[in-house]
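The values are calculated or read from the model by the stated rules, or taken from the named source; none is laboratory data. Source: prediction; values computed, not measured. Note that each Cβ is placed from the backbone with ideal geometry, even for glycine, and that neighbours are counted across all protein chains shown. Note: accessible area is taken over every heavy atom of the protein model, side chains too, but ligands, DNA and RNA are not part of it. Shrake-Rupley method; radii C 1.70, N 1.55, O 1.52, S 1.80 Å.
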Amino acid sequence: MLNIVYIVIGLVFLIMGGNWLLKSSVALSLRLQIPKIVVGMTVVSFATSAPELIVSIKAALDGSPDLALGNVVGSNIANLGLVLGVIVMLGAIDVRKSFYTTDWPILIVASLIFFVFIYFDGVIEFYEGLIMVALLIVYIVYLIKFQKTAVEDEAPEDDEPLPTFKMILFLVLGGLGLWGGSELLVSGATGLARFYNVSERVIGVTVVSVGTSIPELAASVIAVIKKEKAISLGNLIGSNIFNIFAVLGITAMITPLRVVDTTLLSNDILWMLGFAFILLPLVFIPRGLRLGWRDGIILLGGYATFVYFTI
């Protein structure tokens, strides 16, 4: 019963945190006069990737590397299959050229680097983690200097600047809400899963990953409702890249991540790559530069299939 209470309270915190974080990110983009997609890929992605980072570091240090790795792989699958699927079911997203010339290729490169680092020897060493963190810094600098808006902003007239203290307050409250909510949700969900004697890898790629992806879902759904789709799409792409470069990179620098259950390599990581690759054709088919409800059905169906075969 206590686990269910944790889950409910965690969800409430996550939704509130997502709303506060969105307010501060929009205000920040106005203050700095930078594209909202950049804010979504930096400020929002950092805050919503914090649960994955905390969970992965704790799991790795506690001697559960499969939980740490499964958390990231599962979160990246959930972000594109579950979260993006829900978003485009709520409303179509019109995509601009920079999505497939910069954002998607960077996501693919990050995913392939992770694949190469871990697939052949089953471990991410300190130096590989260092390379990931270095690439993250290059990525952020590139975004701030060169990235342009990748999706349409349907309601720019709704944007209002906030006083500095309010902007910082919303940012802090949003981050705390997302972090605290994720901690409660993961604690409750993991408690329920362990009660049924499910393996750490399965817990990582399903229960924990969905729990730590709830911030992305909360922040992105709120963004779509408020027609801030530049942030919702940028948040998801950026969050997957941050999960790989920041979460795995920092965790591996603290302690090497070694695969215990090889199904992670033969199944889960291939699903992660599949969802990343399918994003590009979905943008062009059946209608160019657009993600609609049909794409949402495909993404959600793919995610349901992944969960079915994993469990």
- Please report the Cα spread of the stretch 78-145 along all three principal axes, rounded to whole Å, starting with the longest. 42, 30, 15
- Task: Could you tell me the largest-minus-smallest coordinate of the C-alpha atoms of the stretch 1-139 on each of the three principal axes, in descending order and whole angstroms?
- Result: 47, 43, 30
- Solvent accessible area, Å² - residue 278, 1.4 Å probe, full protein context: 60 Å²
- Note on the structure: With only helices counted (DSSP H, runs n ≥ 4, each -39500 (n - 2.57)), the per-residue ellipticity at 222 nm for the chain, to the nearest 500, works out to -23000 deg cm²/dmol
- Query: Using only Cα atoms, what Kirkwood radius does the stretch 166-282 have, in angstroms?
  - Reply: 16.3 Å
- Message: Within 10 Å, at most 14 other Cβ atoms, and a DSSP state outside H, G, I, E, B define an exposed site. Report the longest part of the chain free of exposed chymotrypsin sites (Phe, Trp or Tyr not before Pro).
- Response: 1-119
- Message: Keeping all protein chains in the complex and leaving out DNA, RNA and ligands, what accessible area do you get for residue 97 with a 1.4 Å probe, in Å² to the nearest 10?
- Response: 130 Å²
- Which FRET efficiency value, to the nearest 0.05, do you get for residue 172 and residue 61 by plugging their Cβ-Cβ distance into 1/(1 + (r/R0)^6) with R0 = 22 Å? 0.25
- Task: Within the stretch 183-209, find all residues whose amide N lies under 16 Å from a label point positioned 7 Å from the Cα of residue 254 along Cα-to-beta-carbon.
- Result: 183
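Set the bar at 25 Å for Cα to Cα. Now go through 58/145; 58/166; 97/145; 166/226; 23/58; 23/145 and name every pair that lies beyond it. List each step's numbers first, then the result.
Values: 58/145 34 Å; 58/166 32 Å; 97/145 18 Å; 166/226 19 Å; 23/58 30 Å; 23/145 23 Å.
Beyond 25 Å between Cα atoms: 58/145; 58/166; 23/58.
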- Taking a crude spin-label model, label points 7 Å out from Cα along the C-beta direction, the residue 194 to residue 141 distance in nm is 4.2 nm
- Item | Cα-based Rg and Dmax for the chain, where Dmax is the largest Cα-Cα distance (Å) | 18.0, 52
